[in-house]
1. Can you list residues from other chains, or at least 5 along the same chain, whose modelled amide H is less than 5 Å from the amide H of Leu88?
2. Step through the residues of region 79-96 one at a time and calculate ³J(HN,Hα) from phi using the Karplus curve (6.51 cos²θ - 1.76 cosθ + 1.60, θ = phi - 60°), rounding each to whole Hz and writing x for Gly and Pro.
3. What are the ³J(HN,Hα) couplings of region 153-161, residue after residue, when phi is run through the Karplus curve with 6.51, -1.76, 1.60 and θ = phi - 60°? Round to Hz, x for glycine and proline.
4. What is the set of long-range amide H partners of Asn268 at a cut-off below 5 Å, with H atoms built 1.01 Å from backbone N?
5. With a ≥ b ≥ c taken as the square roots of the eigenvalues of the C-alpha gyration tensor of region 173-286, please select rounded if a/c is under 1.5 and otherwise prolate if a/b is larger than b/c or oblate if it is not?
6. Hey, how many Å between the Cα centroid of region 115-174 and the Cα centroid of region 1-50?
7. Among Val213, Val250, Val272, which one shows the highest mean-square fluctuation when the chain is modelled as a Gaussian network with alpha-carbon springs under 10 Å?
8. Where is the GNM fluctuation largest for the chain (alpha-carbon springs, 10 angstrom cutoff): Ala186, Ala149, Ala59?
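Every number here is computed from the coordinates shown, using simple stated rules; none is lab data. Keep in mind it's a predicted model, so treat the numbers as computed, not measured. Note that each Cβ is placed from the backbone with ideal geometry, even for glycine, and that neighbours are counted across all protein chains shown.
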Amino acid sequence: MTTTFGTPHTPSGNSFYPAYDSLERIAYVPTVAGVTYLLNPRTLRTVGHFNSLSGGRVARVTPNNRMLLVLSGKKLAAYSTGSGHSRLFILPVGGNAIALSPDGRFAFVGGNMSAHLTEIRLPAGRIVHKFPIKRSGDLVWAHGQVFSANMKTGVVSVLNPHTGKIVAIPTPEKDPAFSYRNILGAAAGIMQLAVSPDGLKVYGAGFSGHILVLSARDDAYLGGIPVAANANGPNRLSGLAVVNHGKDAVTTIENLKETVVIRLSDGNILRVLQNTAANRWVATGP
């Protein structure tokens, strides 16, 4: 099932990372045009919209479902999820990734071009710390820590926000010739991160054609799951979500413009979704 939330090939149709409100069962789709669309995830019908941060392409709903965060390359804005969607604050912190603590008290913001990982106290919208973690291609919270994937180096940085300790986990997902100007030409690079329902494993979609597996408990790289949808060429994985109570994953093969559902235990492809592709997938349930 597909829908059109804005005009294709224009700023109103340019979005990157939607958010999901599990309480109201509403998806928020931010756009570069500065309009956020509300979609019913079951029918994919647009049920509303409101003016939001110009350039915003990433959105997140806090765990208490009371606040929507919208991120652009230069700013972070917060809106109430209630009627009217009033703006609560705006900060000069940009990027392309947001992770939230489970209690909703802190947001962590980073980006591919960011020199730091910024910690923000919620709901006040106050910057409390900047950690020396660069180039966060994606961020997730798992097992009490923040995991940051560096698309260029293949290193996953793990931050303990309580102690400030940072652990760097090297992975094989590295292309020495990687260039942000030609990402589609890369042979490796970590794209989206995802977390198992129990929070003990972190997965990463790799342009090498592997889903990386990391232990969130031991801060260790466990190996890669090959996804061989394209037997005669590359399988550049981008969007990723863990589904079916942690048994399966949905991932996009960027160069094929198609998406597959795989079994995480052995990498077997269970289903192929042709003409369906996304840089970021959001699971609406376990």
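1. Ala78, Tyr79, Ser80
2. 10, 6, 8, x, 4, x, 6, 5, 6, 9, 6, 9, 10, x, 10, x, x, 9
3. 8, x, 9, 9, 8, 10, 10, 8, x
4. Correct list: Arg263.
5. Working: a/c = 1.70, a/b = 1.20, b/c = 1.41.
Taking the square roots of the gyration eigenvalues as a ≥ b ≥ c, region 173-286 is oblate.
6. Cα centres, region 115-174 to region 1-50: 27 Å.
7. Judging by the Gaussian network model, the answer is Val272.
8. It is Ala186.
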